[in-house]
Amino acid sequence: MNLSSDSPGVNQSERIRLLALIGCSAIWRALDARQGIFPLVLLLSSAPTFADIAGKVLAVEDGDTVQIVDADSVVYTVQLRCVDAPELGQEAGSASAGYLARLIAEKTVAVTSDAVGENAQVTGTIMLRAADINFRMIRAGHAWHDPKQRCGPAWDTAQRRAQESGRGLWSQPAPVPPWDYREL
């Protein structure tokens, strides 16, 4: 995974989390035995909670929601962060879900999220090897960059380029954003 600051698929909080995970062993080694664990407990108790899930994709529900089962047989429903895909009843909804299924169905993926909610609900970034699947959905024109989530200018650029080249849902004359469709 590329952790550079200009990587469109890895936002700043994910870079910090990954670098923190790498640095944990260094923190343990740096703690002086006379200080004990107290400074580390204070440091970690103020840090946000992150969830990392590795598992097999069981089902693609639509263009921005999948079910993943982990090694402990826990089934997670994952909403793709920064992505708002057409609903299945919308024009391009089936194509969006189909594209996502072709990318990840029955494959082992990693999900990075801020937290796991009730009933194993997760909003996160799905990675297949080094590929950011969420970003790919936008770049391929099979979803909108969710305007309620700030994911960086690369996401806006990817959506604009998909629109300009008529990829995916942008091949339609006037695609209706899913947030408008849900209000109909």
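Segment Leu128..Arg102, full-extension length gain: 8.1 nm, with 0.36 nm per residue of separation and the alpha-carbon distance subtracted. Note on Ser94/Ala71: beta-carbon distance plugged into 1/(1 + (r/R0)^6) with R0 of 30 Å gives a FRET efficiency of 0.45.
Of the two radii for region 49-169, the radius of gyration is 0.96 times the Kirkwood radius, both from the alpha carbons; that is the Rg over Rh value. The slack in the chain from Leu184 to Ala110, taken as 0.36 nm per residue of separation less the alpha-carbon distance, amounts to 23.2 nm.
Only the coordinates and a few stated rules stand behind these numbers; no lab work does. Since the structure is predicted, the reported quantities are computational estimates derived from the model, not experimental observations. All Cβ positions, even for glycine, are placed from backbone atoms using ideal geometry, and neighbour counts span all protein chains on display.
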